[in-house]
Structures are given as structure tokens and as C-alpha cells.
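The values are calculated or read from the model by the stated rules, or taken from the named source; none is laboratory data. Everything numeric in this text was worked out from a predicted model, so none of it was measured. Quick reminder, even Gly has a Cβ in these numbers, built from the backbone with ideal geometry, and neighbours come from all protein chains shown. Please note that ligands, DNA and RNA were not included when accessible areas were found on the heavy atoms of the full protein model with its side chains. Shrake-Rupley method; radii C 1.70, N 1.55, O 1.52, S 1.80 Å.
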Amino acid sequence: MGKSIGEKIKLVNSVKDFLDKAKATGTVNAGLLFALHHDLVQMTYKVLRSWEIKASALFGSENARQLYRNASNSIFDLLKWINQFSGQAIELIRERSRGETLADKVKAYIAEHYSENISRQELANLLFVNSDYLSRIFNKEAGMPIPDYITQVRIEEAKRLLHTNASVSDIAIRVGVDNFSYFSTVFKKYTGMTPMEYRRENGS
């Protein structure tokens, strides 16, 4: 990753040198700044696409959007934007290249939100990736589709709650299933017994 940081510094310095020379010769104009702005955006997007990262991840804050809008105004604004834009792109790539995989991040999110209605698109948006790509990677790494993993987490939590005094209908709601009949059907599919049978078998 040191290489990426070095490349960022090289990029910023090379653009600065180019602009300094252009300024000295009186060739800096709005058209030049706009062209540089456009070329840098396209170059960065190409790198992000190679990592299956959505470029929209770079515009998550109002500050980032404002820097982007101002980049063609002056040399100072362009360099300020390059520094922020390239730095954020590198951080996104750094996160993607760490040991924590996309599947790990999905699992961590599901562990916190299994009681909610979680869609594949929602997960993809949170991780700034294409939903089909996310499904493909998760299936490969986890060995099952995302919906099946969510169900598995819910069933495991339901089994834990069945050792308490909570009613089965309340447990179903607490793990994110508001249809008691459906909950019982899915629970039996995964465990081989109904919630009440599981409770009796396990002495609760």
C-alpha cells in the first residue's frame, strides 16, 4: 500500500509541476483546468472499477461533493480536490485489500441487523459495490447465498431465545420474522423440529 501512497504523492506533485509551468507561461485557463479535472476523474474511476468499487463511494459527504464542484475554479481548488479525491480512493482500495473480506463485512452487518428487513441491494449500497458482484463473492466465500445466511443467523438466535421464557411469537418478531406460521416452517426446515418441540427437547 506504500506504493499507492507514493503514487498519490507522485500524481499530486506532477499535476502541481504541470500547473506551475502552465501558470508561468500564461497558459492556465478554465478549459485546461476542466480537462485536467475530467481526466483525473476518469483515471480514478477506472482504478476503482478494477477493484469492483463504485465511484459514488467518493461522494458520500457534502464536503467531498463541494470540493468536486470547486475543482475547476482555480489551481488551488484543483490540487485540494486531487489530494482529497486520491486519498479517499486509496483508502477504499486499502480497505478492500485488507484481510477483512466483503463477506466478513456482510456477516458483521447482518449480526447487528438480523432483526430488520435486509435486502441484497441495501448491503451492496452500504459497501459501494454492484449487488450481483456482492452476491457472487459472498456465495463463494460463505458457501451460501446472502438470504440463506440471514435465515441461518435468525434461526441460531431463535434457538438461543428458546432457552428463555419468551413466547415463540415474540421470538419470531425479535429475530425479524413477523409471520408466526412462516417462522415455524423455516425453523423446522433448519432444525428438524418446530420451535415448541425444540424448546421441549432442550428443557426450556
Inset, instruction - Report the FRET efficiency, 1/(1 + (r/R0)^6), for SER169 and ASP148, where r is their Cβ-Cβ distance and R0 is 22 Å, rounded to 0.05. - result: 0.40
Legend entry - Point-to-point label distance, ASP132-ASN70, nm (Cα→Cβ direction, 7 Å offset): 4.0 nm
Inset, instruction - Can you tell me the FRET efficiency between GLU141 and GLN42 if r is taken as the Cβ-Cβ distance and R0 is 35 Å, rounded to the nearest 0.05? - result: 0.65
Inset, instruction - Pop out the ³J(HN,Hα) list for the range 113-118 in order, Karplus 6.51 cos²θ - 1.76 cosθ + 1.60 with θ = phi - 60°, rounded to Hz; leave Gly and Pro as x. - result: 10, 4, 7, 9, 7, 9
Legend entry - Integer Hz, Karplus 6.51/-1.76/1.60 couplings in order for the range 75-80, x for Gly and Pro: 4, 4, 5, 5, 5, 4
Inset, instruction - Rounded to the nearest 0.05, what FRET efficiency do THR101 and LYS188 give with R0 = 35 Å and r taken as the Cβ-Cβ distance? Could you check? - result: 0.60
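Express the accessible area of the range 100-192 per residue in Å², computed with a 1.4 Å probe while the remaining protein chains stay in the model. Show your work: numbers first, answer last.
Working: 5190 Å² over 93 residues.
On a per-residue basis, the range 100-192 sits at 56 Å².
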Legend entry - Binned Cα-Cα distances of the range 109-155, short to long, each 10 Å bin given as a whole percent: 27, 61, 12
